[in-house]
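The values are calculated or read from the model by the stated rules, or taken from the named source; none is laboratory data. For clarity, every value in this text was computed on a predicted model and none was experimentally measured. Reconstructed Cβ throughout: ideal geometry from the backbone, glycine too, with neighbour counts over all protein chains shown.
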Amino acid sequence: MASVVATPPRDGIGSLPPAADRGGGDGGGGSGWVQLLKAANDIEAHLLVGRLNEAGVEVSVLKDRTAPGAWLYGGSNPWAPVIVMVRRLQLTDARMVLAEISFEGPVADERFGRAPMHSWRTPLVWWTLALGLGLLMTGVALGRTAVVMERCDLPLLCGDAAATP
C-alpha cells in the first residue's frame, strides 16, 4: 500500500512542484504530479488535503506567489491561492473525492436562493436607533462643553472685578 503523505512546501513558500520519483518504482510512468485545482486560501487547501489523505490520495500543495502584494507577506500570505497537486495515477481518485464533497455539500438554492427575507422595518429600526444614540451622545457632549465653559479658572481673564486688588 502506498504511503499517504501531504508534503508541506520545502521553504514554506512552495516555489517548485515536487520532484518525480526516479529510482526504483514499478515503472510504467504516471509518477508525475498534476494540478488538481487551485484553492482560494490555506484553509480550503488544508481541508481538501485532509479529505484527500483520508481517501488515500497523495497530495502536495504550492502557494501561488503571483498575486499582487504577495511580497508583503514574504510568501506566507494565508489568503493567497494554493495549488493542490496529486499524482497523475491518482488524479481520477482525487476527482472522485471532489465529486463526493460536492455531492455532500449544501444545495445552491439553500445557500443563495432561500435566504430569509427581512421586512422593511428592520433597517428602519436600526437607523432610528443609530440616529437616536447619535443625538443623545451629541447632547451629552455639548452639555459637558457648556459646563466647562461656564467655569472660569483665571478671574483676571474672565472680567471679574472683585478679584482684582
Completion exercise
Here the residues within the range 43-79 that are within 18 Å of residue 101 (Cα to Cα), among the acidic types (Asp, Glu) and touching a residue at least 24 places away in the same chain (Cβ under 8 Å) are 44, 58
Handout entry: residue 10 closer than 16 Å to residue 88 by Cα, modelled with pLDDT under 85 and of a type in the set (Lys, Arg)
Key = no
Completion exercise
Within the range 60-74, the residues that are part of a loop (DSSP other than H, G, I, E, B), of a type outside the set (A, V, I, L, M) and within 21 Å of residue 47 (Cβ to Cβ) are 64
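Yes or no, residue by residue, for (1) modelled with pLDDT of 75 or more; (2) within 39 Å of the chain's Cα centre (by Cα); (3) surrounded by 11 or more Cβ atoms within 10 Å (Cβ to Cβ); (4) in a loop (DSSP other than H, G, I, E, B):
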residue: 89; (1), (2), (3), (4): yes, yes, yes, no
residue: 93; (1), (2), (3), (4): yes, yes, yes, no
residue: 103; (1), (2), (3), (4): yes, yes, no, no
residue: 112; (1), (2), (3), (4): no, yes, no, no
residue: 131; (1), (2), (3), (4): yes, yes, no, no
residue: 137; (1), (2), (3), (4): yes, yes, no, no
residue: 142; (1), (2), (3), (4): yes, no, no, no
residue: 153; (1), (2), (3), (4): no, no, no, yes
